[in-house]
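The values are calculated or read from the model by the stated rules, or taken from the named source; none is laboratory data. If you're wondering where the values come from, they're calculated on a predicted model, not measured in any experiment. As a convention, Cβ positions derive from the backbone with ideal geometry for all residues, glycine included, and neighbour counts pool all protein chains shown. Remember, those area values only see protein heavy atoms, side chains included, never the ligands or the DNA or RNA. Shrake-Rupley method; radii C 1.70, N 1.55, O 1.52, S 1.80 Å.
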Amino acid sequence: RTCDQLRCTACDFRVSLFNDYIWDQSCDYLFFRNNMPELSKLRAKMIKKKGARAYACQCSWRSINELTDLQTDQQLRWVCGKH
């Protein structure tokens, strides 16, 4: 199970998640800074992959292929935005 209300404490953006997608390896900070949260612009660097999930805020992004504890990633500043 994953929180669907994640928020980034670094950029103060809500973390978007996309089921069955991963991010293209060419993604960079400026791509997300300029295109979040517009899905139509983000699709340019999304790759369809069944069972995966793509996460992104305005300053960080991750592609997850298997069960992963995001709290162990010291670079992420994502917290539950409360329910």
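Numbers below:
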quantity	calculated
Extended-chain gain in nm, criterion 0.36 nm per residue less alpha-carbon gap, ILE64 and LEU30	10.2 nm
Separation of alpha-carbon centers, segment 1-18 and segment 20-70, rounded to whole Å	12 Å
Gain on full stretching of the segment that runs from THR72 to LYS49 - 0.36 nm per residue minus C-alpha separation	5.9 nm
Among LEU76, SER16, CYS59 - extreme Cα towards positive end, dipole of the chain, charges at beta-carbon	SER16
Total formal charge among the other residues, if their Cβ is under 15 angstrom from that of MET46, Lys/Arg +1 and Asp/Glu -1	+4
Residue-averaged [θ]222 nm for the chain, counting only DSSP H segments that reach four residues, each worth -39500 (n - 2.57)	-3000 deg cm²/dmol
Accessible area (Å², per residue) of segment 6-62, counting only protein heavy atoms and a probe of 1.4 Å	58 Å²
CYS3-SER40 pseudo-label distance in nm [points 7 Å out on the Cα-to-Cβ vector]	3.2 nm
In segment 1-53, trypsin sites (Lys or Arg not before Pro) in a DSSP loop with at most 10 other beta-carbon atoms within 10 Å	ARG1
